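Okay, structure first, notes after.
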Amino acid sequence: MSAPRPNDPTQPTADDLRRLYRSLRLIRRVEEEVARVYPTDKIKSPVHLSIGQEAVAVGVCDPLETRDYVSPTYRGHAAYLAKGGSVPAMIAELYGKATGCAAGKGGSMHLIAPEVNVMGASAVVGTTVPTGLGAAFAQKRLRTGAVVAVFLGDGATEEGAFYESLNFAALHRLPVLFVMENNGLAIHTGTEKRWATDRICERVETYGIPAQRFPTSDVIDIRAATIEAIAAMRDGGGPHFLECVTYRWREHVGPGYDYDQGYRDDSAYKEWQARDQVELIGGRLTDTDRDAIDAAIETEIAEAFAFAEDSPWPEPDRLYADLYADRDFTPVRGV
Amino acid sequence: MTDTRTLTYVNALNEGMRQAMREDERVFLFGLDVDDHKAIQGSTKGLVEEFGAERVFTTPLSEDAMTGLAIGAAVSGMRPIHTHIRMDFLMLGMNQLVNMASKYHYMYGGAASVPMVVRSMIGKSWGQGAQHSQGLHALFMHIPGLKVVAPSNAHDAKGLMIAAVRDNNPVMFVEHRLLYPTEAFVEEAPFEVPFGKARVIREGGDVTLVGVSNMVNECLRAAELLQEEGIEATVLDPVSLIPLDYDRIARETDKTGNLIVVDNGWTCCGASAEILADLAERGTRAKMKRMGFAPTTCPTSPALEALFYPNPATIAQAAHEMLRPGKTYSPDPERAKLAYQVAFKGPF
């Protein structure tokens, strides 16, 4: 992080810190509540929790405007919420209810929030890299000035579509910020069994794309880099790449911990817990501010779960609804 | 009368895309070599000159990401036409087509749609071989959420193209290389050929021949041969495979009591199997037969390639055997090859 400059937009004000904390804490608490409720079997969808990884989504999404797009992954609760996706619509979606953000047809892995330009998430690794690229292409052609943050995991960098997308984004100077959440695991397989070298930023730089690595995913650092990347992209600059090293606290899929499964121990977990961004940013707020934010979040979450509980199931005739779009179909917005 | 104008299939494709691009500036055309001097066998000729490099551009050989790009652009307000010079190359984009394009509208509860056209061309003859000849439309028919159209003539090439671009769903647009030089009456003004409406191209009371894509022409030639034997064939073109006009096929089958579906692809789990299965479920009493690619890989040697495809003679023989079982009928192979070039021009 560079030395603070006066009026440096990359340095958070007190307002910024409150907003960052609110977002980090909201994601953490929503997912903890998802994990708590999960054993009741009310959630009808496999969940891939972002707990521990919130700082990446929050650091990137905080400086994005509503007009900007996010292309999330199946571990996408954090990106969806950080971009401003509705909490009740997300929980209802996890419950399989008609009021869900995908009308109960997508579940946890297929969140979407067209009203805030969160594109549809996919369960197939790497798939939303090119679709995010397409949104960036559209922004450039339509001259909206909007940018696209494409989230991907370390596993997605092994897919051909990732390199195809890097190449095209650089070739056409598309306004796309590739955000790699490197948690070191593809399900249970570590990068040491998957990567010939770990120099991903170097690989990306050969496409002429500026790449930065964040070894601890400090939310302020990621936010600062994003602010600068957005400014460059709105100015006609091409793509940027962020490698955000992070850590998945819970199991690959499901609500629990899995340090007893033999593929990893909890030593790294303890290190990451010691620099938990939710706590670190929370610690920079006054107690009064923090308590007020926490209380508001608890109310919001309780209301969201109640909304999901009370919402109706989709009617049987919805099984075939929306398979094809009519001629007069108009999207809510963009996405 | 504008409908006295004839146009080749390739120029009809070109005119369809040109008019679709003129009427909607969100439409763009891309794919490897769409803007080069050969212009996808001429089908994209002049388009980069008229619409510029922002709307007509070539791509890296990255079918997977380029298909995803089309989807992402489509859900963000644009209307791509993605072009592949051979259908075989679509296999490199299957993840995006099957896992995203087909599902985007449904999987996200109707929040967004994917208005995109995926053009691809089936090759045939002159040693195209195993990977330049496949008719893979049945793979896409299997996936709910995709539409599949297969124009057999210039009129439909233009009308289906305009309809496909205006459609709000992913449309697999299946072209055939051998149809490119064929001519038909084509109106100059923009028009649509509706999906899901089969068309009777020739009426006959004895047997119903359903042809897919280029096989419509082979069926028409077979019908000419059969006529010489006193057998009258109806030739039916499904026009679109998804949606498929099952009812019309059933009606035309009931009229003759004999059906042969001749696909431009393999029969196993193919369009022909789907049509026969539907008729069986309706309890048809018609005699039915499927024809299509031989159940093997397409070879390059002309000596073998000729055996791989149904042709007017084999279609006519199959119809003859269905109507007059056990009676010998061997059209002179030369006559079959040189059978009158029916080249149906409409009117439609």
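Some notes on this structure:
- Here is how the number arises for chain A: DSSP H runs of 4 or more residues each give -39500 (n - 2.57), the sum is divided by the residue count, and the result at 222 nm is -12500 deg cm²/dmol.
- A simple packing score, the average count of other Cβ atoms within 10 Å per residue, orders the peptides B:118-128, B:247-257 as B:118-128, B:247-257, with the highest score first.
- Comparing the full protein assembly with the isolated chain, the residues of segment A:299-324 losing at least 50 square angstrom of accessible surface (1.4 Å probe) are A:Asp322, A:Leu323, A:Tyr324.
- Computed log₁₀ I(q)/I(0) - Debye formula, equal Cα scatterers, no solvent, segment A:104-173, q 0.20, 0.29 Å⁻¹: -0.88, -1.34
- Comparing Cα centroids, segment A:204-256 and segment B:174-218 end up 52 angstrom apart.
- Cα gyration tensor, chain A - rounded (a/c under 1.5), prolate or oblate: rounded
- Gyration tensor (alpha-carbon) shape descriptor, segment A:98-143, a/c threshold 1.5: oblate
- Gain on full stretching of the segment that runs from A:Lys42 to A:Glu202 - 0.36 nm per residue minus C-alpha separation: 53.1 nm
- The mean number of partner chain beta-carbon atoms within 10 angstrom of a residue's beta-carbon across peptide A:258-269 is 0.
- Separation of segment B:30-81 and segment B:277-301, taken as the distance between their Cα centroids, equals 35 angstrom.
- Across peptide A:133-145, the average count of Cβ atoms from other chains found within 10 Å of a residue's Cβ is 6.
- Links that overshoot a 25 Å alpha carbon limit, given the list B:Lys124/B:Lys327; A:Lys97/B:Lys147; B:Lys287/B:Lys327; A:Lys83/A:Lys105; A:Lys83/B:Lys147; B:Lys124/B:Lys158: B:Lys124/B:Lys327; A:Lys97/B:Lys147; A:Lys83/B:Lys147
- Ligands, DNA and RNA excluded, the heavy atoms of A:Met109 present near 40 Å² of accessible surface to a 1.4 Å solvent probe.
- Sites listed here are GluC sites (Glu not before Pro) in segment B:1-53 whose DSSP assignment is loop and whose Cβ has at most 16 other Cβ atoms within 10 Å: B:Glu25.
- Taking every residue in B:138-145 and counting other chain Cβ atoms within 10 Å of its Cβ, the average works out to 1.
- Estimated buried accessible area (total), pair A and B, 1.4 Å, Å² to nearest 100: 3600
- Residue-normalised accessible area of the protein assembly as shown, given per residue in Å² at a 1.4 Å probe: 39
- Taking a ≥ b ≥ c as the square roots of the eigenvalues of the Cα gyration tensor, an a/c ratio of 1.5 or more together with a/b larger than b/c marks chain B as prolate.
- Tail fraction, Cα-Cα pairs, segment B:142-208, threshold 20 Å, whole percent: 36
- By accessible area, using a 1.4 Å probe on protein heavy atoms only, the protein assembly as shown has 52% of its surface on carbon and sulfur.
- Sorted into 20 angstrom bins from 0, the C-alpha pair distances of the protein assembly as shown split as 18, 44, 27, 10, 1 percent.
- Residues of segment B:63-89 buried by at least 10 Å² on assembly (accessible area, 1.4 Å probe, chain alone as reference): B:Asp64, B:Ala65, B:Met66, B:Gly68, B:Leu69, B:Gly72, B:Ala73, B:Val75, B:Ser76, B:Met78
- Residues of segment B:153-181 that bury at least 30 Å² of accessible area once all protein chains are present, compared with their chain alone (1.4 Å probe, heavy atoms only, ligands and nucleic acids left out), are B:Asn168, B:Asn169.
The values are calculated or read from the model by the stated rules, or taken from the named source; none is laboratory data. Predicted, not measured: the structure shown is a model, and the values here were computed from it. Virtual Cβ from ideal backbone geometry, glycine too; neighbours counted across all protein chains shown. What goes into the accessible areas is simple: the full protein's heavy atoms, side chains included, and nothing from ligands, DNA or RNA. Shrake-Rupley method; radii C 1.70, N 1.55, O 1.52, S 1.80 Å.
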